[in-house]
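The values are calculated or read from the model by the stated rules, or taken from the named source; none is laboratory data. These numbers were taken from a predicted model, which means no experiment stands behind them. All Cβ positions, glycine included, derive from the backbone under ideal geometry; neighbour counts span all protein chains shown. Surface areas here come from the heavy atoms of the whole protein model, side chains and all, with no ligands, DNA or RNA. Shrake-Rupley method; radii C 1.70, N 1.55, O 1.52, S 1.80 Å.
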Amino acid sequence: MIRFRIALLHLILFCQLSIVNCQLSIAQTFTAQPIPDSVFQRMKGRSYPEGCTVARADLRYLRLSYIDAEGCEHVGEMICNKAIAKDLLDIFRELYRQKYPIERIRLIDDYEASDERSMRDNNTSSFCFRKVSGTTKLSKHALGMAVDVNTLYNPYVRTGKDGRRIVEPSTAVKYVDRTRSFPYKIVKGDLLYRLFLQHGFQWGGSWRTMKDWQHFEK
């Protein structure tokens, strides 16, 4: 009984510390700059493979404050095209101000540039020099002109040539039913949707032949 009480006290203390940590104030960070050498080294051979046709000088490294569904504050990293850097700073600053939940913003290089791994982790990212899934066409992400947000809960869905439904990430099948309620869900008309459209982006959730609820492009 004594051991149980001690274990319970430790659990309560841990939970209290976790809450305090979430409430600790982090200085707001919304910056854009040319890609530092240290960051570019992380990208080389991953999101920036050999033969990448996008100039490093055309990309920007962003640091963005955001708040997750538990109310914890974080600072994330993102690479995007310099043409949309200011748009993204404005959008994510307002999302932060209004506490719109985003679970994670990490460079896709932390996942070895695997879109599937990044999406399974509900990661939000932009630049990755790659082709559109199932095609030979370069993605808007290859130009740094698209952003995928809260990716696990807002999957990419299309029908293959054989009639089979393809869901990416493959672990997001239960989130294809958009009548369900779940955290980090993007819906037409919500704050995220409105901000991106106000800045001239298109939403993949509005596409007819496929759905890409996580995707905004310009």
**Study point:** Of all residues making up segment 52-69, the number that are part of a loop (DSSP other than H, G, I, E, B) and either open to solvent by less than 60 Å² (accessible area, probe 1.4 Å) or over 16 Å from Ala142 (Cβ atoms) (or both)
**Key:** 5
Review point. Is there a residue in segment 97-104 that is of a type in the set (Phe, Trp, Tyr) and out of contact with any Phe, Trp or Tyr (no Cβ under 7 Å at 6 or more places or on another chain)?
Key: yes
Study note, to complete from the structure: Wholly inside segment 70-180, strands (runs of 3 or more DSSP E) that include 1 or more residues that are of a type in the set (S, T, N, Q) are 73-81, 156-159
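Conditions tested, residue by residue: (1) modelled with pLDDT of 95 or more; (2) farther than 27 Å from Val173 by Cα; (3) open to solvent by less than 10 Å² (accessible area, probe 1.4 Å); (4) touching a helix residue (DSSP H, G or I) at 6+ places or on another chain (Cβ under 7 Å).
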{"residue": "Phe92", "(1), (2), (3), (4)": "yes, yes, yes, no"}
{"residue": "Glu112", "(1), (2), (3), (4)": "yes, no, no, no"}
{"residue": "Ser125", "(1), (2), (3), (4)": "yes, no, no, yes"}
{"residue": "Ala142", "(1), (2), (3), (4)": "yes, no, yes, no"}
**Study point:** Condition broken by Met78, with the remaining ones in (1) within 15 Å of Ala142 (Cα to Cα); (2) open to solvent by 50 Å² or more (accessible area, probe 1.4 Å) satisfied
**Key:** (2)
Check your understanding: Does Ser114 satisfy being over 24 Å from His74 (Cβ atoms) and free of Cβ contacts under 8 Å to residues at least 60 places away in the same chain?
Key -> no
Check your understanding: Is segment 147-156 home to any residue that is polar (S, T, N, Q) and surrounded by fewer than 16 Cβ atoms within 10 Å (Cβ to Cβ)?
Key -> no
Review point. Which one of these is at pLDDT 95 or above, farther than 20 Å from Asp87 by Cβ and β-branched (Val, Ile, Thr): Thr171, Thr209?
Key: Thr171
Study note, to complete from the structure: With the first residue restricted to segment 62-73 and required to be closer than 10 Å to Phe92 by Cα, and the second required to be outside any strand (DSSP E or B) and aliphatic (A, V, I, L, M), Cβ contacts under 7 Å at 6 or more apart or on different chains are Ser65/Ile26; Tyr66/Leu95; Tyr66/Ile102
Review point. Considering only residues of segment 177-192 that are within 14 Å of the chain's Cα centre (by Cα) and free of Cβ contacts under 8 Å to residues at least 60 places away in the same chain, which is surrounded by the most Cβ atoms within 10 Å (Cβ to Cβ)?
Key: Ile186
